[in-house]
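Asks: Encoded as structure tokens, here's the structure I'll be asking about.
The values are calculated or read from the model by the stated rules, or taken from the named source; none is laboratory data. Keep in mind the model is a prediction, meaning the values are calculated, not measured. All Cβ positions, glycine included, derive from the backbone under ideal geometry; neighbour counts span all protein chains shown.
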Amino acid sequence: MASLVGSRVERKEDKRFLTGKGRYTADINLANQTYAIFVRSPHARASIKKLNIDKALKSSGVVSILTGKEIADDKIGGLIAGWAIRSEDGTEMKCPGNPPLAKDNVNFVGDPVAVVIAESLAEAKEAAEKVEVDYKVLKAVTSTADAINGDAIHEGIDKNLCFDWLLGDRQKVKEAFDKADKVISIDIINNRLIPNAMEPRACVADYNAASEEITLYTTSQNPHLSRLIMSAFGNVAPEHKLRVVAPDVGGGFGSKINVYNEDIVCSWAAKKINRAIKWVAERSESFLTDIHGRDHVTHAELAVTKDGKFLGFKNETIANLGAYARVFGTVTPTYLFGPCATGVYEIPAAYTNVKAVYTNTAPVDAYRGAGRPEATYTIERLVEKASMELGIDKTELRIKNFPTAFPFKQTLVHTVDSGDYVAGMEKAKQMADYKGFEARRKESEAKGKLRGIGVTSYFEACGIAPSAAVMSLGCGVGLWESAEVRFNPTGQVTVYTGSHSHGQSHQTTFAQIAADELGVPIENIDIVHGDTDKGTFGMGTYGSRSLAVGGIAIVNACKKIVEKGKRVTAKMLEANPEDVEFKDGEFIVSKSNKKKTIGEVAFACYLPGVRDEMKSPLPEGDEPGLKETSFYDPSNFSFPAGTHIAEVEIDPETGHVKLEKYTACDDFGRIINPMVVEGQVHGGLAQGIGQALYENAEYDETGQLMTGSYMDYTMPRADNFPEFNIGYTCTHATTNPLGVKGCGEAGAIAAPPTVMNAVIDALGGQEVTMPATAEKVWKACKNLKKSNAKAA
Amino acid sequence: MGKISLEVNGRKVEKEASDNTLLSTFLREHLQLTGTHIGCDTSQCGACVVHVDGNSLKSCTALAADVNGSKVTTIEGLETNGKMHPMQEAFKKLHGLQCGFCTPGMVMSAVDLLQKNKKPSDTEIRDWLEGNICRCTGYQNIVAAVKEAATKM
């Protein structure tokens with residue numbers, strides 16, 4: 001049987017999506033359902049003086065109106081930060097309460113204060129207009145850089161500081177800088193982004209009074225985790241009385257990791273009114289209340305020798321958490337950021353210091369790449385600047401500082417098990433025709449255009465997050481993954497994975513893995529996920545962990561099936577279990593022609609004695625049935641890496657940046673389905689290029705979101721991109737049996753510095769902040785003209 | 001309230017709907033054709049594109065009453081005798097979709113492009129699809145799928 005791992009298998013999930021049969025949360029309608037509309041704060045910071053629902057209650061079709069008072073009275077808990085971070089001085093991080101409905105204070109535009117539940121959506125909307133809230137508006141804090149100097153927005157949290165965290169050794173760094181020939185320094189802003197999964201968030205909550213069970217259909221990347229948080233911290237219902245289903249989910253990119261206010265409120269309210277409640281976000285609500293991403297202000301320095309060896313690295317960053325610390329809010333700018341900030345280089349001394357601040361803006365949390373794009377942007381912009389200041393070719397400077405051997409003990413935390421960064425660089429240069437660039441630059445100049453080339457070499461820590469690794473860092477939660485592999489008596493297989501697909505293709509790639517492991521045709525394998533009633537527990541999908549963690553759990557469960565199959569076969573064929581080999585779906589007794597197919601073994605496991613040769617029961621110690629479970633906790637992160645090269649052409653008359661070429665050469669370890677991996681790279685690149693050239697979330701000084709619709713927030717379109725040129729090198733991960741590393745975030749991590757390095761190269765080294773809009777670039781072009789004129 | 005009569009995917013339908021009912025709402029809520037998706041509230045994303053009398057239209061930009069009497073084709077009506085349309089086949093073959101949410105609008109829009117331009121260039125495809133936002137694919141495989149479908153239609 002030909003191996004499916006490594007093949008371009010067409011996706012099993014596609015037909016339903018292509019024929020309109022996908023079942024997303026907003027497609028679900030339950031009998032006798034009601035509709036919810038949330039009343040949200042129009043102010044970024046205010047105290048609630050009075051909230052009057054009398055008029056609204058009299059509005060047509062209203063079933064119930066619930067506010068922060070009722071939710072507090074019922075002791076429903078608030079939203080939480082999932083990771084505890086300690087400051088450099090040893091103090092615990094400071095997190096404000098975040099009730100699902102605000103009772104006393106609102107802290108960002110969109111913070112919900114009440115829910116109106118009515119017989120129809122139109123009636124709910126109309127009644128919501130009649131809820132009267134008397135706010136005392138307070139001065140908002142919106143600037144990341146200045147938040148520390150603003151009014152304290154949460155009681156008891158001085159300087160709006162959640163924590164002031166340090167990773168690394170300041171003294172060693174000082175010594176390294178004292179020895180340096182030159183110090184390269186840079187001030188950068190990592191612009192705030194809005195994830196914008198195309199499916200707006202939604203939930204449908206139902207209550208069954210007979211079983212006393214709440215069922216929540218929701219747009220989640222991790223239904224079990226949502227259930228855990230809603231139960232343990234939200235006090236919504238005990239876990240066995242709360243079912244969370246995340247059906248087809250239309251993209252997540254991190255924004256659907258969090259349990260949101262609406263999930264908790266609708267679940268709690270459904271029980272209260274004993275009816276189903278449906279809520280679907282309008283896009284403008286998504287803009288205001290989905291978690292946002294990035295939003296760092298950084299000063300970084302690199303100490304170098306005159307021949308280009310890196311000696312030391314400093315990174316001083318202020319990270320905006322928004323109004324509240326949410327699930328991955330505190331870990332994103334710390335452990336997902338700091339350890340990756342020294343990039344793919346041997347730098348003997350380094351530190352990263354992060355001050356995480358609260359502001360009156362939407363909560364900031366994990367968005368595709370989460371921390372690693374910010375880290376990579378910092379180091380790769382700095383290295384590119386070093387190459388300009390030292391006059392050393394940008395690729396040579398990088399190669400000079402790459403690790404010479406693997407495992408590579410990286411400066412701050414990680415031990416990178418495998419990689420070949422030089423091979424990746426050489427291949428990328430060849431793919432991009434790096435040598436031919438100067439000729440192309442001249443051609444552009446002849447047309448009156450400016451051309452630039454930018455390079456990025458990156459690594460990332462994926463497979464988030466092995467317990468051993470994160471606990472050694474002082475974080476409380478390790479993130480393993482589970483799989484259950486169940487045979488039916490007649491030989492088909494159902495695999496439950498605790499991972500979740502919202503575009504990642506699990507139904508196909510996980511089936512490819514199981515088909516190879518079990519020798520069962522792929523059409524006889526179903527991958528099931530997204531329902532807490534169907535599997536024991538799962539951590540969900542984020543941090544490029546589905547394959548490197550969830551996929552390995554499937555492999556391990558399959559291996560247990562095979563081991564049991566060997567014992568059963570031995571019993572059936574009167575052989576020693578050690579003499580039974582398994583290959584391509586058959587158990588073969590070595591040095592004989594005796595064998596059983598895995599289907600026959602499954603049948604015997606469920607129905608021993610039905611077939612002649614199976615007169616005796618199962619082997620001693622084995623129970624009937626054929627189902628195995630694995631809870632897989634990896635020993636380390638996985639470390640994809642690569643080099644990307646971009647070329648841009650700028651029209652100095654308009655400031656328009658045209659991305660002419662984009663080359664990505666990545667090492668993702670073993671690739672299960674090349675077609676799916678290409679799709680992941682393309683999508684990541686589009687988001688990364690979007691950050692560099694188009695996207696920006698902007699609040700005004702009063703805390704109003706200025707980019708709250710697709711009319712104002714530039715979503716990249718088909719005509720914004722060239723055809724990407726992508727390729728691979730391959731070193732297998734040594735820390736998991738498949739040798740896989742993860743591919744979902746690479747594009748979003750590498751593309752921003754690659755594109756910006758190209759833009760800044762074209763602009764003769766002038767700094768431009770992301771996104772490099774025509775206006776900013778046009779101004780830079782004018783400066784360039786002036787300085788060139790002076791020089792002449 | 002008023003009576004809306006349409007021919008949807010070859011089937012005659014007649015339903016009462018309030019005058020402000022959008023075509024997208026009518027399809028999803030009144031006819032349970034949930035393949036047509038709502039991804040925004042400013043007519044930017046294109047997830048709701050359907051064909052009205054043969055031309056692509058963002059169904060959130062029209063009232064159901066405006067198109068009364070028309071022939072409407074949604075993503076559910078693109079198959080013939082259980083066989084997918086060449087555009088649907090091409091999207092599957094070339095991985096032109098990931099989460100699937102923008103897909104119905106993207107496919108309906110692409111089908112209309114090929115009705116109007118049998119052999120579009122890459123640039124023409126990218127220009128045409130400018131009104132359909134996809135957050136997953138980076139568009140590359142969508143463009144490839146449209147080109148592939150052009151060889152089959």
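Asks: Please work out if B:Asn81 is modelled with pLDDT under 95 and surrounded by fewer than 20 Cβ atoms within 10 Å (Cβ to Cβ).
Replies: Numbers: modelled with pLDDT under 95: yes; surrounded by fewer than 20 Cβ atoms within 10 Å (Cβ to Cβ): yes.
Taking the combined requirement at face value, the residue satisfies it.
Asks: OK, next. If I go through the stretch A:278-303 residue by residue, how many of them are farther than 22 Å from A:Asn107 by Cα and touching a helix residue (DSSP H, G or I) at 6+ places or on another chain (Cβ under 6 Å)?
Replies: Taking the stretch A:278-303 first, the residues farther than 22 Å from A:Asn107 by Cα are A:278-280, A:298-303.
Going one step further and asking which of them are touching a helix residue (DSSP H, G or I) at 6+ places or on another chain (Cβ under 6 Å), we end up with A:279-280, A:298, A:300, A:302-303.
Of the residues in the stretch A:278-303, 6 are farther than 22 Å from A:Asn107 by Cα and touching a helix residue (DSSP H, G or I) at 6+ places or on another chain (Cβ under 6 Å).
Asks: Check the stretch A:75-89 and report whether any residue there is at pLDDT 95 or above, within 30 Å of B:Glu29 (Cα to Cα) and not aromatic (Phe, Trp, Tyr).
Replies: Within the stretch A:75-89, none of the residues are at pLDDT 95 or above, within 30 Å of B:Glu29 (Cα to Cα) and not aromatic (Phe, Trp, Tyr).
Asks: Next up: Of all the residues that make up the stretch A:466-499, how many are part of a loop (DSSP other than H, G, I, E, B) and either under 26 Å from A:His414 (Cβ atoms) or without any contact (Cβ under 8 Å) to a residue 40 or more places away in the chain (or both)? If you could, list the steps in order and put the result at the bottom.
Replies: In the first step, residues of the stretch A:466-499 are kept if they are part of a loop (DSSP other than H, G, I, E, B); the result is A:466, A:473-480, A:488-492, A:498-499.
If we keep only those that are either under 26 Å from A:His414 (Cβ atoms) or without any contact (Cβ under 8 Å) to a residue 40 or more places away in the chain (or both) too, we end up with A:466, A:473-480, A:492, A:498-499.
Residues flagged as part of a loop (DSSP other than H, G, I, E, B) and either under 26 Å from A:His414 (Cβ atoms) or without any contact (Cβ under 8 Å) to a residue 40 or more places away in the chain (or both) within the stretch A:466-499 amount to 12.
Asks: Across the stretch A:712-751, what is the number of residues that are buried (at least 24 other Cβ atoms within 10 Å of the Cβ) and either outside any loop (DSSP other than H, G, I, E, B) or within 11 Å of chain B (Cβ to nearest Cβ) (or both)? Steps first, answer last, please.
Replies: Within the stretch A:712-751, the subset buried (at least 24 other Cβ atoms within 10 Å of the Cβ) is A:718, A:733, A:736, A:740-751.
Cutting the leftovers down to either outside any loop (DSSP other than H, G, I, E, B) or within 11 Å of chain B (Cβ to nearest Cβ) (or both) gives us A:718, A:740, A:744, A:746-751.
Qualifying residue count for the region: 9.
Asks: Can you confirm whether A:Ser3 is outside the structural domain of A:Ala127 (by TED's automatic domain parsing) and modelled with pLDDT under 95?
Replies: Yes: the conditions hold for A:Ser3.
Asks: Anything in the stretch A:678-698 that is surrounded by fewer than 23 Cβ atoms within 10 Å (Cβ to Cβ) and more than 19 Å from the chain's Cα centre (by Cα)? List them, or say none.
Replies: Within the stretch A:678-698, A:Tyr694, A:Glu698 qualify.
Asks: Something else about it: Kindly provide the set of residues from the stretch A:102-124 that are in a strand (DSSP E or B) and either without any contact (Cβ under 8 Å) to a residue 12 or more places away in the chain or more than 24 Å from A:Lys139 (Cβ to Cβ) (or both), ordered by number. First the steps, then the outcome.
Replies: Our first condition is that a residue be in a strand (DSSP E or B); within the stretch A:102-124, this holds for A:105-106, A:112-118.
Hits for the stretch A:102-124 are A:Ala114, A:Val115, A:Val116, A:Ile117, A:Ala118.
Asks: Continuing with the same structure: Taking A:Val755 as meeting all but one of (1) under 14 Å from A:Asn191 (Cα atoms); (2) crowded, with 21+ Cβ neighbours inside 10 Å, write down the number of the exception.
Replies: The number of the failed condition is (1).
Asks: Related question: Out of the residues in the stretch A:169-205 meeting the condition of being basic (Lys, Arg) and away from every other protein chain (no Cβ under 13 Å), tell me which one is nearest to A:Gly251 (Cα to Cα). Before the answer, list the steps.
Replies: To start, the set of residues in the stretch A:169-205 that are basic (Lys, Arg) comprises A:170, A:172, A:174, A:179, A:182, A:192, A:201.
Now restrict to residues that are away from every other protein chain (no Cβ under 13 Å): A:170, A:172, A:174, A:179, A:182, A:192.
On the way: A:Arg170: 41, A:Lys172: 44, A:Lys174: 45, A:Lys179: 49, A:Lys182: 45, A:Arg192: 19 Å.
Among those that are basic (Lys, Arg) and away from every other protein chain (no Cβ under 13 Å), it is A:Arg192.
Asks: Now for a different question. Need the failing condition index for A:Thr508 against (1) in a loop (DSSP other than H, G, I, E, B); (2) within 14 Å of chain B (Cβ to nearest Cβ), just the number.
Replies: (1)
Asks: Looking at A:Lys125, A:Lys130, can you tell me which residue is of a type outside the set (Phe, Trp, Tyr) and away from chain B (no Cβ under 14 Å)?
Replies: A:Lys130
Asks: Hey, any hits in the stretch A:76-89 for a residue that's more than 31 Å from the chain's Cα centre (by Cα) and either assigned to a loop (DSSP other than H, G, I, E, B) or within 30 Å of A:Ser231 (Cβ to Cβ) (or both)? So that I can check it myself, show each step before the final result.
Replies: The initial filter retains those residues of the stretch A:76-89 that are more than 31 Å from the chain's Cα centre (by Cα), namely none.
No: the stretch A:76-89 contains no residue that is more than 31 Å from the chain's Cα centre (by Cα) and either assigned to a loop (DSSP other than H, G, I, E, B) or within 30 Å of A:Ser231 (Cβ to Cβ) (or both).
Asks: Please go through the stretch B:132-153 and pick out each residue that is within 8 Å of chain A (Cβ to nearest Cβ) and more than 13 Å from B:Lys93 (Cβ to Cβ). Even if it seems obvious, please write down each step before you answer.
Replies: First pass over the stretch B:132-153, keeping only residues within 8 Å of chain A (Cβ to nearest Cβ): B:132-143.
If the condition is that a residue be within 8 Å of chain A (Cβ to nearest Cβ) and more than 13 Å from B:Lys93 (Cβ to Cβ), then B:Asn132, B:Ile133, B:Cys134, B:Arg135, B:Cys136, B:Thr137, B:Gly138, B:Tyr139, B:Gln140, B:Val143 are the ones that fit.
Asks: Then there is this: Taking the stated definitions as given, is A:Ala210 out of contact with any strand residue (DSSP E or B) (no Cβ under 7 Å at 6 or more places or on another chain), aliphatic (A, V, I, L, M) and away from chain B (no Cβ under 14 Å)?
Replies: Details: out of contact with any strand residue (DSSP E or B) (no Cβ under 7 Å at 6 or more places or on another chain): yes; aliphatic (A, V, I, L, M): yes; away from chain B (no Cβ under 14 Å): yes.
So A:Ala210 fits the description; yes.
Asks: Here are some residues: B:Ser121, B:Ser43. Which one is in contact with a strand residue (DSSP E or B) (Cβ under 7 Å, 6 or more places away or on another chain) and more than 26 Å from A:Ser501 (Cα to Cα)?
Replies: Values: B:Ser121 fails: in contact with a strand residue (DSSP E or B) (Cβ under 7 Å, 6 or more places away or on another chain).
Answer to the check: B:Ser43.
Asks: Taking the stretch A:157-173 as the region of interest, how many residues are under 14 Å from A:Asn353 (Cα atoms) and charged (D, E, K, R)? Talk me through it step by step, then tell me what you get.
Replies: Pass one, the stretch A:157-173, residues under 14 Å from A:Asn353 (Cα atoms): A:161-171, A:173.
Those still in the list that are charged (D, E, K, R) too: A:164, A:169-170.
Counting residues in the stretch A:157-173 that are under 14 Å from A:Asn353 (Cα atoms) and charged (D, E, K, R) gives 3.
Asks: Also, I was wondering about something else. Scanning for something within 14 Å of chain B (Cβ to nearest Cβ), of a type in the set (A, V, I, L, M, F, W, C), in contact with a helix residue (DSSP H, G or I) (Cβ under 7 Å, 6 or more places away or on another chain) and not in a strand (DSSP E or B), does the stretch A:697-711 turn up at least one residue? Before the answer, list the steps.
Replies: Kept after step one, since they are within 14 Å of chain B (Cβ to nearest Cβ), are these residues of the stretch A:697-711: A:707-711.
In the following step, the residues that additionally are of a type in the set (A, V, I, L, M, F, W, C) were identified as A:711.
Subsequent filtering for residues that are in contact with a helix residue (DSSP H, G or I) (Cβ under 7 Å, 6 or more places away or on another chain) retains none.
Scanning the stretch A:697-711 turns up no residue that is within 14 Å of chain B (Cβ to nearest Cβ), of a type in the set (A, V, I, L, M, F, W, C), in contact with a helix residue (DSSP H, G or I) (Cβ under 7 Å, 6 or more places away or on another chain) and not in a strand (DSSP E or B).
Asks: Just to be sure I understand, how many residues within the stretch A:430-457 are in a helix (DSSP H, G or I) and over 29 Å from the mean Cα position of the chain (by Cα)? Talk me through it step by step, then tell me what you get.
Replies: Let us first name the residues in the stretch A:430-457 that are in a helix (DSSP H, G or I), namely A:430-432, A:434-446.
Next, from what is left, pick out any that are over 29 Å from the mean Cα position of the chain (by Cα): A:430, A:434-446.
So the answer is 14.
Asks: Out of the residues in the stretch A:530-547 meeting the condition of being surrounded by fewer than 24 Cβ atoms within 10 Å (Cβ to Cβ) and not aromatic (Phe, Trp, Tyr), tell me which one is farthest from the other protein chains (Cβ to nearest Cβ). Working first, answer last.
Replies: Step one: list which residues in the stretch A:530-547 are surrounded by fewer than 24 Cβ atoms within 10 Å (Cβ to Cβ), which gives A:531, A:533-537.
Among the residues that remain, those that are also not aromatic (Phe, Trp, Tyr) are: A:531, A:533-536.
Values: A:Asp531: 18, A:Asp533: 23, A:Lys534: 21, A:Gly535: 21, A:Thr536: 26 Å.
Restricting to residues being surrounded by fewer than 24 Cβ atoms within 10 Å (Cβ to Cβ) and not aromatic (Phe, Trp, Tyr), the top hit is A:Thr536.
Asks: Among the numbered criteria (1) surrounded by fewer than 24 Cβ atoms within 10 Å (Cβ to Cβ); (2) closer than 19 Å to B:Cys102 by Cα; (3) facing chain B (nearest Cβ under 8 Å), which one does A:Met675 miss?
Replies: (2)
Asks: Which of the residues spanning the stretch A:236-249 are surrounded by fewer than 24 Cβ atoms within 10 Å (Cβ to Cβ) and within 14 Å of chain B (Cβ to nearest Cβ)? Full working, then the answer.
Replies: First pass over the stretch A:236-249, keeping only residues surrounded by fewer than 24 Cβ atoms within 10 Å (Cβ to Cβ): A:237-243, A:245, A:247-248.
Across the stretch A:236-249, the qualifying residues are A:Pro247, A:Asp248.
Asks: Evaluate the following for A:Lys139: is it exposed (fewer than 15 other Cβ atoms within 10 Å of the Cβ), at pLDDT 95 or above, over 30 Å from A:Gly312 (Cα atoms) and not polar (S, T, N, Q)?
Replies: On the way: exposed (fewer than 15 other Cβ atoms within 10 Å of the Cβ): yes; at pLDDT 95 or above: yes; over 30 Å from A:Gly312 (Cα atoms): yes; not polar (S, T, N, Q): yes.
In short, yes.
To keep it simple, each residue is scored yes or no on (1) farther than 29 Å from B:Thr36 by Cα; (2) without any contact (Cβ under 8 Å) to a residue 24 or more places away in the chain.
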{"site": "A:Leu4", "(1), (2)": "yes, no"}
{"site": "A:Ser7", "(1), (2)": "yes, no"}
{"site": "A:Leu18", "(1), (2)": "no, yes"}
{"site": "A:Asn29", "(1), (2)": "no, no"}
{"site": "A:Ser41", "(1), (2)": "yes, no"}
{"site": "A:Lys69", "(1), (2)": "yes, no"}
{"site": "A:Lys75", "(1), (2)": "yes, no"}
{"site": "A:Glu88", "(1), (2)": "yes, no"}
{"site": "A:Pro100", "(1), (2)": "yes, no"}
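Asks: Can B:Thr34 be described as in contact with an Asp or Glu (Cβ under 7 Å, 6 or more places away or on another chain) and β-branched (Val, Ile, Thr)?
Replies: Details: in contact with an Asp or Glu (Cβ under 7 Å, 6 or more places away or on another chain): yes; β-branched (Val, Ile, Thr): yes.
Here the answer is yes, as B:Thr34 does meet what is asked.
Asks: Moving to a separate point now. Quick check on my filter: what residues within the stretch B:79-123 are touching a residue at least 40 places away in the same chain (Cβ under 8 Å), within 11 Å of chain A (Cβ to nearest Cβ) and of a type in the set (D, E, K, R)?
Replies: Selection gives B:Glu89, B:Lys93.
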